[in-house]
Each structure stands twice: as structure tokens, then as C-alpha cells.
Amino acid sequence: MEVIYQYAWLIPVFPLLGAMLVGLGLISLNQVTNRLRQLNAVVIISLMGTAMAFSLALLWSQIQGHAPYIRTLEWAAAGNFHLSMGYTIDHLTSVMLVIVTTVALLVMVYTDGYMAHDPGYVRFYAYLSLFGSSMLGLVVSPNLVQIYIFWELVGMCSYLLVGFWYDRQAAADACQKAFVTNRVGDFGLLLGILGLFWATGSFDFGVMGDRLAQLVETGSVSNFLAILLAILVFLGPVAKSAQFPLHVWLPDAMEGPTPISALIHAATMVAAGVFLIARMYPVFEHVPVAMNVIAFTGAFTAFLGASIAITQNDIKKGLAYSTISQLGYMVMAMGLGSYSAGLFHLMTHAYFKAMLFLGSGSVIHGMEGVVGHDPALAQDMRLMGGLRKYMPVTSITFLIGCLAISGVPPFAGFWSKDEILGNAFEVNPFLWLIGWLTAGITAFYMFRMYFMTFEGKFRGTDEKIKAKLKQAASTIVWELESAEPAPNFGPGAMKQGELAAHDAHDAIGHHSDTPHESPWTMTLPLALLAIPSMLIGLLGTPYANYFEEFIFPPSETLTEVLEKAAEFNPTEFYVMAGASVGISLIGITLASLMYLQGKINPAGIASQIKPLYELSLNKWYFDDIYHRVFVLGLRRVARQVMEVDFRVVDGAVNLTGFFTLVSGEGLKYLENGRAQFYALIIFGAVLGLVILFGIT
């Protein structure tokens, strides 16, 4: 087993190697590389599969009791300053490695079917592999500096992938928005890293936490400064994990292809923020005010995301706001001190949310044959309905995901969400109330999504609805992005005109009056992800919490964890679980009455509570506020700066040039090279001085 640990550094290197090989092929032999599409995909998938095998072996070794392993080498030194780089394998790392590699591998397999007709197929695989490598490098990092390096690489890859269809204006805007928003959080993170190093003299997580606690206790560092540094570090996860107020980039990131939406939302970018909070837990737990900020930020974000998701009609954006909400649960758990509960929800959410996003991609893929390659129509749930009979595998797996995220037992989401809510009730009943209400809203909007998509009558061929959607697009009533979208690539990744180029036997390219099930390369990952979505929650049951016994806070020991587990109170569990399941069932019932049975008219309710409906539909107006304050506001500032530059700076420079020009013009008549003229000037000067002194 020791050999595996010595070569564990290869886990992020394998996908990096795949990205390099394919990337070099695209640069040097572009046409040949693009013709060998399947071969490139096989190479990249195989390398990610190898990384997954290594990760599973390390997890098994850690489960068997192998001690945490760290290996470093000196990277930079100057005087007393020494910075090491390397990798570490512990319980948290081994779990995260398995989550990232398994989800990434299934997304890569799915990509072969989804991106089959995209001319950028090979490039997309190269980006995916680089993205996976960056996240794996972040996970194994032994110190904060190395995490920051890979943190920025993850951000760069998300920029490339969200803007993959860069010739679509919406995609170009979305990747810029994601990049700029994350720069705000990353700047705070950088300041926090530098401040913690200044205070503690270390980049090691445990050392920073212990030294900061000692410095605050002795008064060497003020409590306010410790709070400030902790919150600055937290700004990084606020941006990466889309927490309020830096959550606005994540829904727009849906402009990227669906496979990358699944990877970002499940196992890579947004998971990086929660992972960093877990790694920095030794620092945060000694700063109670910072823990409260983290908990309340997470709770508000959970409610915010859920309240917006209930009015979304774009299937991918609905899932995006769902992700924001679920990330809020994880962050709230971390802030409440529920370290293992937050990580447990991170794991369960990774699998069922990946399945839900890939399921939405399968739906879009099936809808394209009916509505064409218009993303606004192919993703709009008002044009769906009745897809269950056309897409049985997709519908069943999507239903499993809805049950899991809604917290219905025995699916995975029930166990992780219930543990968070139970711990919240013990620590802060107000936060429990927010989480409990959010759980009901979650069940409502997820089953609204399921019923609108898979049940009832198929509406995709209704030309009246299509015309109405296009006509209403510019008024924001129907919340579409543009009235006449004309992308070069559709959600199923086809070129303009490619739809007509394929015959009726093509899996994507044909046009018909009914949707179709996706190819096996897309349905197989869905079926495989359904297994952990149903069963993996059993690892964290309150009466036998194997997950908590494996992953527990750095400040606790296994003995303390086992003592807490022995205190399991069945009555308390049944009361708390009953409350959470009850609110979820209420949400599901309301969704059924509105969108399945039609006994309650959603439009009537919306008209009765129009201000709240408009608030949700317009995403609490955050995008509008940010646009007015930051985009338009900064443009005004830029114009003022330009005026100052033009009138003051340029004026001073131009005045200097004018003075030089005039003086030069005058002096050129004096500098004529004639000795008599120079003698005359000297005589005149001497005469003037004589007269001057004579007068005085």
C-alpha cells in the first residue's frame, strides 16, 4: 500500500497529461487531431479512469486505518522563509478524490453522446481533463499557497468551459461575469492568506489555526483582526460556492454545455469552496464571530436560491438555483460546527445533482428534434410535458434525483440534509427554521420541474405556445434570454444548419413530432449515478454513521466521535426526521395539485401575491442592482476619469509640448552660428548690465 501513497501525485497528473497531449495535438496537428475524435476521447477517459482507480485504492487504504500521508519538497526559500509544495492524503482528501474522479469520469462518458456533433468536441474534452486535473490538484494540496494556485486554475478552466460556445453573445457574457465575480472573492482570499501568514508565519492549516488562537488569547493579535482575516478567507468560498452576495454568476454559467454544468455544480468548482472551508476549519473554529457569519450566510443563501428556483422556467437555471440553495445548506452546516454533516451533504449532493444536470441535458437533447436547436425553446419547461413515455430512463433517473434532493427517505439527500437540520436545531433554532422552510420549497420546485417536464401532455409541437414565448421574450414575462436567438451551436451542440444535414436515423439530427431517448453513452452515466443517489446516504445514518466516524473535525478525536454516536436518541431523530419529511411532502403535494392535477391555478396565486412573484421571477433584482451600481456606475466613473485624463493630464502634456514648440521656434533665430551675432548679443548683455547697475 505504501507504493500507492508514494505515487499518489500522479492522480492530478493523469488528466493533466491527457489535456496536454490533446492540446498539443490541436495546436500542431489540428485537422488530424479533430478527425481522431473518438481516439482522443478514449485517451482522456482512460486517464481519468486510471486516476479514479488510484483514488479508490487510497480511500480503501484510509478506511483500513492507514495513517495520513504527506510528502513535500522545498519550493522557495529566502532567509527564514521556506515554502514547500507537495501533496497530502488523509480522510478528507481521499473522499474528495473519489467524488471528483467518479463524477468527472461519468460526465466524460456522457459528453461523447451530448457533444457528438460539435466541431469543438476534442477541444471540449481537453478542457474537461484540465478542469478535472486542477480540482484534483487543489484537493491534494498540503498548504494554503498551493490551494490558491489550483484555485485560480479551476477558475480559469470554468471561464474556458462556460464560454465554450464563445461566438454566442450570452456565453461570452456569462464567462466574463463568472470570471469577474470570482475575482472579487479571490482578492479577498488572497488578502486573507497574506494576513494569516503575517500573523502566524505559516501556510499550514493546523499551524495557522493553533497560532492564531494563541495570539488572540495572549492579545498579540486583536480579536477584530482575527475576525477580519477569517472573513477575508471566507470570501473565496463565497464566490466559488456561489454564496450571497456573489452568487449571481452561477445561473448565467448555464450558457456552457450541459456536461460542464453538471461538473461545475457537482464535483469541481462549487465544491472547491466548501472544501476550502473544511480545510480552513482549524482557523475558523477559533473565531466564533466568523463561524456565525458563515452559518448565517449559508442559511440566507439556501433560502434565496430556493425562493428564486420556484419561478424558473428554464430547466437548467432552475437546477442552478437549486445548487445555490444546497450549497447554502453545506456552508450553514460548516458555520454551525457540523463539519462532517456539511461534507456528507457535499458528497450526496455531488451524485444526485450531477444526475439531475445530466438528465436535463438528456431532455434538451431529446427536445431538439422537435423544437430545433434554439436553446431558449429546447430548455423551456413550458414546451415540455409528457416526456416520461418518450424518455423512460431519463425520467426515472430524474425522479430519483428529485426524491433525493427533496429529502425523501431512504434516498441519499434525506440522511445528509436531516443531519444538518438536526444539528442546526441544537445550535440555533432560527437557522433550523430557515433550513426547514427551505426544504419544503425545495421539494415544491423540484417536483414542479418534474411534473412540467415529464408528466401531462407534450406541448413541444404547440405552435401557439412557441409564438407566445418568442413574442413575450423581450418583456421578461416569460423570462427568455432573447426574442430571436440565433446561436451557431444549440444545446445539443450542433452547428447552424446541421440539423437538416443528418437523416432520420441520426440520434440527434432528425426532426420529428416527438422527443426521443438519448443514446446509451448518455443514459448509462444517468443509471450509474442513480445508484449512489439512492444508497450512499446509508453511510451516514444517525444510528450507524460510518461517514462521521471516517471524517470528523481536526479538533476532535475518534473516541469523541464514537461517544457522540453512542448518544443516539431515536425519539429525537424521529421527531426531527418527521418534521423534515413532513414539510417535503407538503411541498410535493402542492406541486402535484398545481402542475399535475391542475386543481390549483399557479397563475391565480401569482396574481394574488404579485410583488413576491415578481421578486422571485426577477431573482430578487440582484442582477439589476449590480448592473446599475457596478456596471453602469463604474462606466460613469470611467467617463469622469477619462474627462480628467483628457482635460487635465492631456492638457498638461499638450501645454508642455506647446511651450517647447514656441520656445524652440524663438530660439532657432538666436542659434544661427554667426560669431558676429553672438558678439553683438554679448555686447548688448554687458551694456544692459552696466546700465542696470548704473541706475541702481
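The values are calculated or read from the model by the stated rules, or taken from the named source; none is laboratory data. Because the structure is predicted, anything quoted here is derived from the model rather than measured. Every residue, glycine as well, gets a Cβ built from its backbone with ideal geometry; the counts of neighbours run over all protein chains shown. Just so you know, the surface numbers come from the protein's heavy atoms only, side chains and all, with ligands and any DNA or RNA stripped out. Shrake-Rupley method; radii C 1.70, N 1.55, O 1.52, S 1.80 Å.
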Going by the alpha-carbon gyration tensor, a ≥ b ≥ c the square roots of its eigenvalues, is region 1-111 rounded (a/c under 1.5) or, if a/c is not under 1.5, prolate (a/b greater than b/c) versus oblate?
oblate
Those chymotrypsin sites (Phe, Trp or Tyr not before Pro) from region 1-86 that are DSSP loop and have at most 15 other Cβ neighbours within 10 Å turn out to be TYR7, TRP9
Can you tell me the Rg and the Dmax, both Å, for the Cα atoms in region 544-594?
16.6, 50
Excluding GLY305 itself, calculate the net charge of residues whose Cβ lies under 12 Å from the Cβ of GLY305, where each Lys or Arg counts +1 and each Asp or Glu counts -1.
+2
Run the reach check for LYS619 against aspartates and glutamates, Cα to Cα strictly under 13 Å, same-chain hits fewer than 8 apart removed. What comes back?
ASP252, GLU479
Once ARG674, ARG211 are ranked on solvent-accessible area with the largest value leading and a 1.4 Å probe, the list reads ARG674, ARG211
Please calculate how many Å² of accessible area the chain carries per residue, with a 1.4 Å probe and no DNA, RNA or ligand atoms counted.
42 Å²
At 10 °C and 1.306 mPa s, grab the translational diffusion coefficient of the chain from Stokes-Einstein with a Kirkwood Rh over Cα pairs, rounded to a whole number in µm² per second.
58 µm²/s
Against the longest principal axis of the chain, how steep is helix 339-371, in degrees 0 to 90 to the nearest 10, with axes from Cα atoms?
90 degrees
In whole percent, the fraction of accessible protein surface over region 343-432 that belongs to carbon or sulfur atoms, probe radius 1.4 Å, stands at 70 percent
Length gained, LEU535-PHE622, 0.36 nm per residue minus C-alpha separation, equals 27.5 nm
Sequence of ARG71, ARG639, ARG279, ARG628 when ordered by accessible area, the most exposed leading, probe 1.4 angstrom:
ARG628, ARG639, ARG71, ARG279
In whole percent, how big is the carbon plus sulfur part of the accessible area of region 539-666, probe 1.4 Å, protein atoms only?
66 percent
Ignoring ligands, DNA and RNA, what percent of the accessible area of region 33-98 is carbon or sulfur (1.4 Å)?
64 percent
Cβ under 13 Å from PHE205's Cβ, PHE205 left aside: what net charge do those residues give with Lys, Arg +1 and Asp, Glu -1?
-2
Tell me what the chain gives for mean residue ellipticity at 222 nm when only DSSP H runs of n ≥ 4 count, each as -39,500 (n - 2.57), the sum divided by the residue total, rounded to 500 deg cm²/dmol.
-23000 deg cm²/dmol
Could you tell me which of rounded, prolate or oblate describes region 280-356, using a ≥ b ≥ c as the square roots of the eigenvalues of the alpha-carbon gyration tensor, with rounded for a/c under 1.5 and, failing that, prolate when a/b is larger than b/c and oblate otherwise?
oblate
Residue pairs, from the table LYS317/LYS466; LYS316/LYS466; LYS353/LYS610; LYS240/LYS317; LYS177/LYS417; LYS316/LYS468, whose Cα atoms sit over 25 Å apart:
LYS353/LYS610; LYS177/LYS417
May I ask for the net charge around LEU387, where only other residues with Cβ less than 10 Å from the Cβ of LEU387 are counted and Lys, Arg are +1 while Asp, Glu are -1?
0
Kirkwood Rh for region 229-313 from C-alpha pairs, in Å, is 13.7 Å
